[in-house]
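Accompanying notes for the structure given below.
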Amino acid sequence: MNLLILGDVVGKPATEGFGKALSAFKAQHKVDGVIVNGENACLGSGNGISVEAAELLFAGGADVITGGNHSFRQRNMLSYLDTCQSIIRPANLPPASPGNGYTLADLGGRRFLVMNLLGRIYMDPCDCPFAAGDKILEREKGNFDIAVLDVHAEATSEKWAIADYFSDRVQIIFGTHTHVPTADEQILPSGCAYITDIGMCGPVRSALGVKTEIITARMRTAIHERFELSDNPVQYQGILVTLNGFDKVTDIKRVVFE
């Protein structure tokens, strides 16, 4: 089976064009399941994902939506996170936070455990990602065939440390948040597919989706200006992971499509 995992969706054009782009990709590749990080799939201004944006991603073909440090930015998402089991936020946020940090999903005839963890280096304070992941894996032991982990973190060293810690218990580990795909996709000795960052789904030649000239001006002058989404063409970045047999990863490759 083939599992497509897509990076952070950024802005209205990428969100609205998701279904059409994904349909074209699926027509060329056999895709049995789709996981996408949607924490910036906002249809208006600002960060975060709204209910309307989430439903567009689901309608377009996403099976599971993961989140990150902007998961709670849009207020109408708070109750939605409690009621929709297919969208998750980082598991190591405070216990009183809305939503869940993992979900169980049937994809391609297999039972997937999809988890979301937040890094702590250069990020807002949160609980220990290692302990949070341990608790989920222990709680759901025996209830899944394949485990997948989205590590939403800034530091590459932290992403790698988390991956190394869980690599003998999780079959697929990928990083999000920095929006730039890394070239270290690999299958670890334990059989776990890993990549430090899968990139983003958003405007090309932009500063994480924002018009580059705005970011450049801020860096040169230290004067903050309102961020505006780049109007450059949208590109979808991620990975395609192939599993052979019941739970064995045989291939991981970066994918890019428009």
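Each row is one residue, and each column tells you yes or no for (1) open to solvent by 20 Å² or more (accessible area, probe 1.4 Å); (2) over 13 Å from Tyr236 (Cα atoms); (3) among the charged types (D, E, K, R); (4) touching a helix residue (DSSP H, G or I) at 6+ places or on another chain (Cβ under 8 Å).
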| site | (1), (2), (3), (4) |
| --- | --- |
| Met1 | yes, yes, no, no |
| Ile5 | no, no, no, no |
| Phe18 | no, no, no, yes |
| Leu22 | no, no, no, yes |
| Ala53 | no, yes, no, yes |
| Ala59 | yes, yes, no, yes |
Per the filter on the stretch 226-249, residues without any contact (Cβ under 8 Å) to a residue 12 or more places away in the chain and either open to solvent by less than 90 Å² (accessible area, probe 1.4 Å) or touching an Asp or Glu at 6+ places or on another chain (Cβ under 6 Å) (or both) are Gly245
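Restricted to the stretch 75-84, and to residues that are part of a loop (DSSP other than H, G, I, E, B) and modelled with pLDDT under 95, which residue is farthest from Asp63 (Cα to Cα)?
In the first step, residues of the stretch 75-84 are kept if they are part of a loop (DSSP other than H, G, I, E, B); the result is 75-76, 84.
Checking which are modelled with pLDDT under 95 leaves us with 75-76.
Working: Arg75: 23, Asn76: 21 Å.
Here the answer is Arg75.
Report, by residue number, each residue of the stretch 165-191 that is among the hydroxyl-bearing types (Ser, Thr, Tyr) and assigned to a strand (DSSP E or B). Before the answer, list the steps.
Pass one, the stretch 165-191, residues among the hydroxyl-bearing types (Ser, Thr, Tyr): 165, 167, 176, 178, 182, 190.
Within the stretch 165-191, Thr176 is the sole residue that qualifies.
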Within the stretch 167-180, the residues that are over 17 Å from Ile35 (Cβ atoms) and open to solvent by 30 Å² or more (accessible area, probe 1.4 Å) are Asp168, Arg169, Thr178, Val180
List pairs: first residue in the stretch 156-183 and under 19 Å from Gln235 (Cα atoms), second residue open to solvent by 20 Å² or more (accessible area, probe 1.4 Å) and modelled with pLDDT under 95 anywhere in the structure, Cβ distance under 7 angstrom, at least six positions apart or on different chains. His179/Leu208
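Taking the stretch 85-115 as the region of interest, how many residues are among the polar types (S, T, N, Q) and either open to solvent by less than 30 Å² (accessible area, probe 1.4 Å) or outside any loop (DSSP other than H, G, I, E, B) (or both)?
As a first pass, look at the stretch 85-115 and keep what is among the polar types (S, T, N, Q): 85-86, 92, 97, 100, 103.
Next cut, either open to solvent by less than 30 Å² (accessible area, probe 1.4 Å) or outside any loop (DSSP other than H, G, I, E, B) (or both) only: 92, 97, 103.
Number of matching residues: 3.
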Checked against (1) open to solvent by 60 Å² or more (accessible area, probe 1.4 Å); (2) within 16 Å of the chain's Cα centre (by Cα), Asp164 satisfies every condition except (2)
Residue ID - most open to solvent (accessible area, probe 1.4 Å), chosen from residues in the stretch 135-153 that are over 19 Å from Gly175 (Cβ atoms) and of a type in the set (Asp, Glu): Glu138
Scan (1) under 14 Å from the mean Cα position of the chain (by Cα); (2) assigned to a loop (DSSP other than H, G, I, E, B); (3) at pLDDT 95 or above for the single condition Ala54 breaks and write down its number. (2)
Members of the stretch 192-217 found to be surrounded by 15 or more Cβ atoms within 10 Å (Cβ to Cβ) and part of a loop (DSSP other than H, G, I, E, B), listed by number: Cys192, Thr196, Asp197, Ile198, Gly199, Ser206, Leu208, Gly209, Lys211
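On the basis of being closer than 25 Å to Ser206 by Cα and free of Cβ contacts under 8 Å to residues at least 24 places away in the same chain, does Glu52 make the cut?
Working: closer than 25 Å to Ser206 by Cα: yes; free of Cβ contacts under 8 Å to residues at least 24 places away in the same chain: yes.
Yes; evaluated as a whole, the condition is true for this residue.
The values are calculated or read from the model by the stated rules, or taken from the named source; none is laboratory data. Since we're looking at a predicted model, the values are computed, not measured. With ideal geometry, Cβ positions are generated from the backbone for all residues, glycine too; neighbour counts draw on all protein chains shown. Side chains included, ligands, DNA and RNA excluded: accessible areas come from the protein's heavy atoms. Shrake-Rupley method; radii C 1.70, N 1.55, O 1.52, S 1.80 Å.
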